1. So, with a 1.4 angstrom probe, what is the percent of accessible area on the range 199-315 that is carbon and sulfur?
2. Quick one: work out the % antiparallel among DSSP beta bridges in the range 186-281, nearest 5.
3. Count the DSSP beta bridges whose two residues both fall in the range 335-436, then state the antiparallel fraction as a percent rounded to the nearest 5.
4. When only alpha-carbon atoms count, how far does the range 286-362 stretch along each of its three principal axes, as whole angstroms with the largest first?
5. Return, for the Cα atoms of the range 231-287, the radius of gyration and Dmax in Å, separated by a comma.
6. What number comes out for the charge environment of residue 225, summing +1 per Lys or Arg and -1 per Asp or Glu over other residues with Cβ under 12 Å away?
7. If you take the Cα atoms of the range 226-372, find Rg, then find the Kirkwood Rh from the mean of 1/r over all pairs, what is Rg/Rh?
8. On alpha carbon coordinates alone, what is the Rg over Rh value for the range 255-326, Rh being the Kirkwood radius?
Amino acid sequence: MIRIRTVNKTRLTVTIILTIIAFYLFSNALIITNKINFYINKQLVLKEIKSSKLVEGDFLKSHINNVLPIIKVTCDKEKSIITDDRDIRWFTEFVTGFDIKNPITIISGQILMMKKHEPQIIAAAFTSNESSFFNLPSKKEVLEPAQAPNPKEKNDDIPSTADTSDSEDKGEEEGRNITDVNISSPDKKGYEFSDGIYVKNEANQKIDISELLKEDLKMKISGKGPHVLIIHTHTSEAFTPTKQNNYTPSDPDRTENSRYNIVRVGEEIAKNLKAAGISVIHDKTVHDYPSYNGSYRKALETIESQLKKNPSIKIVLDIHRDALIFPDGKKLKVTAEVEKQKVAQVMLVVGTDQGGLKHPNWKENLKFALRLQDKFQKLYPGLARPINLAPYRYNQHTTTGSIIIEVGSNGNTLEEALASSKYIAKTVAEVIREIK
């Protein structure tokens, strides 16, 4: 009797153990199957979004970013109510470019990624006097919801002086839709000002222009190069077509053809830097096609790859063109006259850690930009617009000589931007020689 009970007990134990093992294997099989299904479904959704002609990913992303409110972020993870649902996390990250479990990416990515691609709507009333344009906000300062062209642009009547310099190429209608101004000596209201240098301080950081100009740069350039890297985060940014440089836009004021977009400007800057004896690499990697989503993330990979291969690089120039447009649909071209030639104005953009991303040495980049701005003022007065000190990092944490250079606007022609390139290169070369 005792023996039978022992046998039955042993069988029961074995049965329980086998049941547990079977359950464990079954549950793991379900998890693996679920992961496989999730991956397959994700690829199908990705393919559907990219191939669908009914809803474009950029439009969907733009719409989500425009309607989402700006949120106040708490660092108390225990009180976080953000979902752990991976499907939702993946979809929002794919569409909007940020991770809902990391709220700082919403602030750093949401506004930056979207507003960067949309023309700034200039919503003030202007007269025909060009001085009325001097206090124009920078591209990053959005005065009303920016609705990009076709159908994003919004029309209101604003009197302006039309630049018809390109009328022979594009007709009188095109000439009437572009206003030509020079933005170099704005009203001091809203700007930091010293030593003839203006800074639009959108990051609300405490800076002393005069003192920063006196400080030595930590960046030292010596030995064999390359010393300068030129990239383009938004590679497809282009200009107003002309007869000489005519193209069919794939999107308003953009083209993937590097003969007509900002890459051509970068090539001209690189050529002139080399002519001035500066060793430079021009990386033409496309970062904003087929999607603008994650352009800065892709550009960071390019920068880090180049720095790893070429540790001698100390200066990273991210070359862009600005986008300025009036509510009535008129584009704004920013020009200066240098050596009796009309050229596109340039604007230096310096990032900070205001958005929450780590960037402890941003003042070194600002010091470098101030030196460039000072040199612009001395060599080519009126060529440079006020410096834009922005609350975003723009990948400028990679070196202490990283800046964005905006060459002209979407209202400028490629010819005007190319004409500016040699003066940009000469200015950069002069500053480099001084800090060697």
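The values are calculated or read from the model by the stated rules, or taken from the named source; none is laboratory data. What you are looking at is a predicted structure, and each value in this text was computed from that prediction instead of being measured. Note that we place each Cβ from the backbone using ideal geometry, even for glycine, and neighbour counts take in every protein chain shown. Ligands, DNA and RNA are excluded from the accessible area calculation, which covers all protein heavy atoms including side chains. Shrake-Rupley method; radii C 1.70, N 1.55, O 1.52, S 1.80 Å.
1. Details: 2520 of 5560 Å².
The value for the range 199-315 is 45 percent carbon and sulfur by accessible area.
2. Working: 6 of 8 bridges.
So the antiparallel bridges amount to about 75 percent of the total.
3. Numbers: 8 of 11 bridges.
Around 75 percent antiparallel, to the nearest 5.
4. 42, 33, 29
5. When restricted to Cα atoms, the range 231-287 yields Rg and Dmax of 12.3, 37 Å.
6. Details: positive: 224, 274, 314, 436; negative: none.
Cβ neighbours under 12 Å give a net charge of +4.
7. Working: Rg = 16.5 Å, Rh = 17.0 Å.
Rounded to two decimals, Rg over Rh is 0.97.
8. Values: Rg = 13.6 Å, Rh = 13.7 Å.
Here the Rg-to-Rh quotient is 0.99.
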